[in-house]
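Some notes on the structure that comes next.
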Amino acid sequence: MKAYQKVLMIVAALSLGQLFMFPMWKIYLKAPQYPEGLELHIWVNKLGGSSDHVLQNFNILNHYIGMEPIHAESFAELKYMPYIVIFFMITGVLVALIDKRNLVLGWSGLLMLSGAAGILDFYLWLVKFGTNLDPMAPIKVPGMTYIPPLLGNKTLLNFDALSLPALGSLGILIGITLSLLVYFLSRNTAKQKQASKTKPALA
Amino acid sequence: METLITKFRKAAPKAALLMAVAAGAVLQGCSKIAGGDGAGATVTALSSDAASAVYVAPGKHDELYSFLSGGFNGQVSVYGIPSGRLLKIIPVFTQHGENGYGYSEESKAMLNTSHGFVPWDDLHHPKLSRTNGQTDGRWLFVNGNNTPRVARIDLTTFETVEIMEIPNSAGNHCSPYPTNNNEYVIAGTRFSVPLDMKGGTGDVALDKYEEEFRGSISFIKVDPEKGDMDLDFQILVPGFDYDLANGGKGPSEDWVFFTTYNSEKSGTLKEVGASQNDKDYLAAVNWKLAAKYAKEGKAREMPANYYHNKMDKNSHIAKSTVKKKVRYLLPEECPGMMYLLPAPKSPHGIDVDPTGEYMVVSGKLASAIPVFSFSKMQEAIKNKQFDGEKNGIPVLKYESVLKAEVKEPGLGPLHTEFDGKGNAYTSMFVSSEVVKWKLSDFTVVDRMPVYYSVGHLMIPGGDTKEPYGKYLVAMNKITKDRYLPTGPELAHSAQLIDISGEKMKMLLDFPTVAEPHYAQAIRADLVAPKSVKFFKLDENNHPHATKKEADASVKREGKNVVRVKMTAIRSHMTPDNIEGVQVGDTVYFHVTNLEQDWDVPHGFAVMGANNAETLIMPGATQTLKWVPKKAGVYPFYCTDFCSALHQEMQGYVRVSPKGSNVPITFSTGKKKQAPVASAK
């Protein structure tokens, strides 16, 4: 790898740090009574929102349909995910320093896999909350489930829910894109290396 | 004689017919006006584009907040301008069953006075707090006329947060007037009384008015950050009636001016007795000098007894403190502090123009409006152009301070405000009109009839350095036929007039609550962004707050007191089943609203309560006291429609006979035993 490629790889690793600065996913809710909207922000290590009390207000609204209250403590993921991110950041930097092209690909692949696993996990939670409803709930609509959309929008009773990845996820995307780019760009360097290795034999 | 009767009999049918025809014509004329085809006298002055000028589309906000006093209802009403839409009623001196103000255990102390609990007053004058002579949208000061008090409303919550009783005063009408940076809020007495110099009034023969009666002007210090009030000192003044006041600006900003009437010092039938002198006085007080005298030891001290009630920001609990002394100055001992300017005749309004040079006095019985000049007043003081003195206070010569008189302005001038473009507008009570005149040559340039008998008028910031000269609100005392009749008592009427052009244009009538005496208005963007949406539960330090449902409890304290610590959240109260209360117990329901969202108050009411409901804002705790008189089961419920399941937000208290062995238990959903009752 050339020096600039190493730098790119380090940037790829560090860009995951965005996950600590921004939410990775946002669920926007809009209803006639909520013209200002309610936003639930999912971080790598916490739950937040457009205001301090979004979670409480989410839960108050959800209790009518018998949805289990959402609390940050219920999600073990929020505790271990930060370590996974830090692991990727450190290994990413090491990969850049070790200067082995295949490790770059391996790092990328593992990151993609983890991202996919994260999204799957997220989806399973949505299904769990949306379908595991208290049979004693005040509002029961036969056949109705309340699985929020994973991506895009969906109407749930009086709420219009929109779900989108946020700036934190962009960090993962940058990480994957840059590392793949480094892998791609470094193919010539690798050939040259090979060439320089074989040349003396020819001579 | 007979022939006369015969003649009448013959003529009667004809006469009757004639009268019927005449009546028909009159009725037709009436129906034409009532039909609203624009031909009536009352609509002739209506601007053709009036509707669009006051139309605020659904969902859009008004340009200005206006605060109209409620007079004899003791409240302030908040209206949007230009729409005239009522936005809120703020209870100040009056108990308000609607939200429990003055009834709840927390707010009751707001209405304490040295006369005991006084749950009503006559609220006349709202005044917005100032920064550099401009309204700043932080607080609204208002006066209680009957049992002299000054209150402060916080404009982040639109709630009354402080009420201070004024000692040595009766009829706190000439109040409350803030100086340009709220250094002082000034309050004068309308009814002079015989002061016993021990904090009360003396037992004095009423024919001793002239010798014994005195007035007072109070100087209330305002904390520049928090707004808290503190009575710094008073000036004891001659026993006139002090009516209204206005602070100077710019060159005159160290001064405050007071209109007085009854300089005759008449103690009875004032209607006649106080209307004899051709001239009463405009009193000019140098407040900066007064403060200096007070600071430098000229002030004496006398015993007093007055209440100061403050609402704590985080617990929402009002506490009263009793003040036991007051400092005072005597004008005769403080040279240069106070002067009297002769003013015709029983003056009401005193209004200083935005430049601070002109003092306009509206003498309700006078035929002209005198305009005094501040620079001439300074000159006259320097040259000692005095016309004797009154109680040791120099009286300036009328001609030496007069700038001009506005001739033939109309009948019954009451009050003047300014548009900041060189024009003044005076309300004419008797001729029922608003008159516009120029400050450059003191000539009348326009007139607008108002319906009927306008008292005060208000231009947003029209009493400050920089008026917002677009609208004028006329507050009319008589309504008669302006709205659909509602029996003998009618709403008073306000009228919105466009003053942006050469000619005044009538825009809108809107009914008001009780009797507005004066108003203030301010650009919405100076107030709206600071409006609190809910109280933070974390900051609630009420001693009986319950921050989560698990902490809800019912406990017997001592023999006869039961404390219920209850929570409310959509859509249930915890606990909602309570047993073990006994007849004659004093039950305190401390209800905490756990919501942390905008516009989700919960209400609480219990059957048979002898007070009111209480409305609990999100994050706050409010307490309702209840003493059940009979055994039985009593429902309680949420009174403010909070959610789709609001109707289900209810519960029961079981009340057993005195001495019953039913233990205290409470629950929501499923039963749970209370900790062992701590009955002693």
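Scanning segment B:620-666 for residues that are farther than 16 Å from B:THR574 by Cα, more than 14 Å from chain A (Cβ to nearest Cβ) and hydrophobic (A, V, I, L, M, F, W, C), we see that the one that is surrounded by the fewest Cβ atoms within 10 Å (Cβ to Cβ) is B:VAL633. Considering each residue of segment B:534-553 in turn, none proves to be closer than 14 Å to B:TYR471 by Cβ and in contact (Cβ under 8 Å) with a residue 24 or more places away in the chain.
Within segment B:248-271, which residues are at pLDDT 95 or above, open to solvent by 10 Å² or more (accessible area, probe 1.4 Å) and in contact with a Pro (Cβ under 9 Å, 6 or more places away or on another chain)? The answer is B:GLY250, and nothing else. For the residues A:TYR64, A:TYR146, the requirement of being hydroxyl-bearing (Ser, Thr, Tyr), within 14 Å of chain B (Cβ to nearest Cβ) and under 21 Å from B:LEU645 (Cβ atoms) singles out A:TYR64.
Reported count of residues in segment B:570-619, each being open to solvent by 10 Å² or more (accessible area, probe 1.4 Å) and among the aromatic types (Phe, Trp, Tyr), is 2. Residue count for segment B:307-318 under the criterion of being exposed (fewer than 14 other Cβ atoms within 10 Å of the Cβ) and not acidic (Asp, Glu): the result is 0.
Matching residues to (1) open to solvent by 60 Å² or more (accessible area, probe 1.4 Å); (2) in contact (Cβ under 8 Å) with a residue 24 or more places away in the chain:
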| position | (1), (2) |
| --- | --- |
| A:VAL11 | yes, yes |
| A:MET21 | yes, yes |
| A:MET24 | no, yes |
| A:LYS30 | yes, yes |
| A:GLY48 | no, yes |
| A:ASN57 | no, no |
| A:TYR64 | no, yes |
| A:PHE75 | no, yes |
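Figure legend. Inter-residue proximity from segment A:93-120: first residues among the basic types (Lys, Arg), second residues assigned to a helix (DSSP H, G or I), beta-carbon distance below 7 Å, spacing 6+ or different chains. Indicated pairs: A:ARG101/A:TYR183; A:ARG101/A:SER186; A:ARG101/A:ALA190.
Identification of strands (runs of 3 or more DSSP E) wholly contained in segment B:171-232 with 2 or more residues that are basic (Lys, Arg) yields B:213-222. Can B:GLU332 be described as farther than 17 Å from B:PHE257 by Cα, in contact with a strand residue (DSSP E or B) (Cβ under 9 Å, 6 or more places away or on another chain) and open to solvent by 10 Å² or more (accessible area, probe 1.4 Å)? Here the answer is yes, as B:GLU332 does meet what is asked. I need a count of the residues in segment B:480-511 that are open to solvent by 10 Å² or more (accessible area, probe 1.4 Å), touching a residue at least 24 places away in the same chain (Cβ under 8 Å) and not basic (Lys, Arg). Matching residues across segment B:480-511 total 11. Within segment A:5-28, the residues that satisfy the criterion of being in a helix (DSSP H, G or I) and not hydrophobic (A, V, I, L, M, F, W, C) are A:GLN5, A:LYS6, A:SER15, A:GLN18. Taken as a whole, segment A:167-184 holds no residue that is open to solvent by 40 Å² or more (accessible area, probe 1.4 Å) and part of a loop (DSSP other than H, G, I, E, B). Taken together, A:ILE27, A:ILE42, A:ILE70 contain a single residue that is more than 14 Å from chain B (Cβ to nearest Cβ), within 23 Å of the chain's Cα centre (by Cα) and closer than 21 Å to B:SER643 by Cβ, which is A:ILE70. Scanning segment B:483-529 for residues that are touching a strand residue (DSSP E or B) at 6+ places or on another chain (Cβ under 7 Å) and in a helix (DSSP H, G or I) gives B:ALA524, B:LEU526.
Please tell me if B:THR567 is more than 28 Å from the chain's Cα centre (by Cα) and surrounded by 20 or more Cβ atoms within 10 Å (Cβ to Cβ). Against the criterion (more than 28 Å from the chain's Cα centre (by Cα) and surrounded by 20 or more Cβ atoms within 10 Å (Cβ to Cβ)), B:THR567 qualifies.
The values are calculated or read from the model by the stated rules, or taken from the named source; none is laboratory data. Please read all numbers here as calculations on a predicted model, not as lab measurements. We place every Cβ from the backbone using ideal geometry, glycine too, and count neighbours over all the protein chains shown. SASA here: full protein model, heavy atoms, side chains in, ligands and nucleic acids out. Shrake-Rupley method; radii C 1.70, N 1.55, O 1.52, S 1.80 Å.
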